[in-house]
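Here the structure is laid out as structure tokens; the discussion comes afterwards.
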Amino acid sequence: MPADRSPHAVLEEIAARPRGDDLARLVHTVAFAAADEKRARIEDGLAELVERARLKTEDAETSYGNVLRALERGGAEAAGSATRALLAGLLARGVALSPPSGTEAEARVAESLVWLATHTSIDALTSLDAALREKADGLWIAVATLIRRVDSGTAPLVGRAGAIIAASALHESDSAVARSEERALADDARDPIVRALLTQGTTVVTAAVPAGTEGPATLVIGEIVPAPRGPVALIVLGFTGILAIMHLGRLLAQVALRYRRPAELRVTPKGLVIHTTTELLGRTLKERDIHIPIEALLRATREIRYPRLALYVGLGALALGSYLGISIFVDGARAGSPELLGIGLLLVVVGVGLDYVLSNIVPSTRRTCRIVFEPRRGASVALGRIDPVRADEALNRLKR
């Protein structure tokens, strides 16, 4: 067995074999079939695939072991041996031979790779950079997105174990995009183990991104909210009472049915990608990707939103305290009663104090941001409940 089991050495071994790419395609097919069916037995259907590919036992012999024998044993032979590195390299090479194109395809491949690394002996995540080079950037973004979904409870099939393995692979990657996603995840992750994996020995990578490039995608997490309406529609809906019914219905759905529409915004040099999920009672009903190319984007606006209930209560307290306080104060002055004068002044002071606290102090402690993207054609898309700092990063990326 060779001493060097690094991904580059394994890929060189595969390239040196006459049927190395055929073996890579075989491992890719077997592994992804197991991932699609969520079964840990990767050897199911292997004989038929080997016969169809016209592979012989001698074709699968390598200095790291026999590929077919390892697959027939379900990857058990690979555990703790050089064959494990071989199968990982073959799977990564299989992905490189047919790389995913588009956000949805990258998300599916990333989830399958993480599931395989969690439930089988084939972990191709550590070989992605060596096999795909810069084409692995989209997969690392998808891996980071998957970790965020697990952290928010929207990716149950991968689970916490998958998020930990994915975070470890993200940390070990040499990709500049992976480094950027790791730094962003280190601030956002709630799982202590995931955060520890992402922050251990963290270094700032600057030279890996060539000058003049746009750099990795900027990721913002929020929730799809209603886009602003025009003045005519707002007036009509307000006077007819439909607007109030819509707000009450949305509030009832959020409280009673746990209706949510979490979203992830990615700003890339090519445009915007918004991945939305519709959830009801904790179950995912629908997933959707919205693509807005840069040339199709008319404008993007940002607004800081503060809690409005406290403002309304403060105004009510000011009005009520002023009315009752002044009325009692006037009655006390007419009757010459010091008690009524004191009560009137106290009510006025309490009303003014409540208005100041609820209108100024409370809203300043909690603020969220909403970004509205208006394409040249089609309906506007609004992303709310996001961190203003991340919103500024996304808009600055759009300016560049």
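The values are calculated or read from the model by the stated rules, or taken from the named source; none is laboratory data. Since we're looking at a predicted model, the values are computed, not measured. No Cβ is skipped: glycine too gets one built from the backbone with ideal geometry, and neighbour counts run over all protein chains shown.
Just one of the listed residues (121, 152) is more than 23 Å from residue 268 (Cα to Cα), in contact with a Pro (Cβ under 8 Å, 6 or more places away or on another chain), touching a residue at least 12 places away in the same chain (Cβ under 8 Å) and of a type outside the set (Phe, Trp, Tyr), namely 152. Report yes if some residue within segment 13-23 is within 30 Å of the chain's Cα centre (by Cα), in contact (Cβ under 8 Å) with a residue 24 or more places away in the chain and either in a helix (DSSP H, G or I) or more than 23 Å from residue 133 (Cβ to Cβ) (or both); otherwise report no. No, the conditions are met nowhere in segment 13-23.
Somewhere in segment 142-165, is a residue at pLDDT 80 or above, within 18 Å of residue 95 (Cα to Cα), in a helix (DSSP H, G or I) and over 12 Å from the mean Cα position of the chain (by Cα)? No, because not a single residue in segment 142-165 is at pLDDT 80 or above, within 18 Å of residue 95 (Cα to Cα), in a helix (DSSP H, G or I) and over 12 Å from the mean Cα position of the chain (by Cα).
With the structure loaded, tell me whether residue 83 is among the polar types (S, T, N, Q), assigned by TED's automatic domain parsing to the domain that holds residue 164, modelled with pLDDT of 80 or more and part of a helix (DSSP H, G or I) or whether it fails that test. Judged against the criteria, residue 83 is not a match. Being closer than 17 Å to residue 159 by Cα, surrounded by fewer than 20 Cβ atoms within 10 Å (Cβ to Cβ) and not assigned by TED's automatic domain parsing to the domain that holds residue 287 is the requirement here; does residue 133 meet it? Spelling it out, it is not the case that residue 133 is closer than 17 Å to residue 159 by Cα, surrounded by fewer than 20 Cβ atoms within 10 Å (Cβ to Cβ) and not assigned by TED's automatic domain parsing to the domain that holds residue 287.
Selection within segment 250-269: residues that are surrounded by 13 or more Cβ atoms within 10 Å (Cβ to Cβ) and among the charged types (D, E, K, R). The member of this set that is farthest from the chain's Cα centre (by Cα) is 250. Of the residues that sit in segment 86-106 and are outside any helix (DSSP H, G or I) and polar (S, T, N, Q), which one is modelled with the highest pLDDT? Checked segment 86-106; the qualifying residue modelled with the highest pLDDT is 98.
Of all the numbered requirements in (1) under 30 Å from residue 292 (Cβ atoms); (2) in contact with a helix residue (DSSP H, G or I) (Cβ under 9 Å, 6 or more places away or on another chain); (3) modelled with pLDDT of 80 or more; (4) charged (D, E, K, R), residue 374 misses one, and that requirement is (2).
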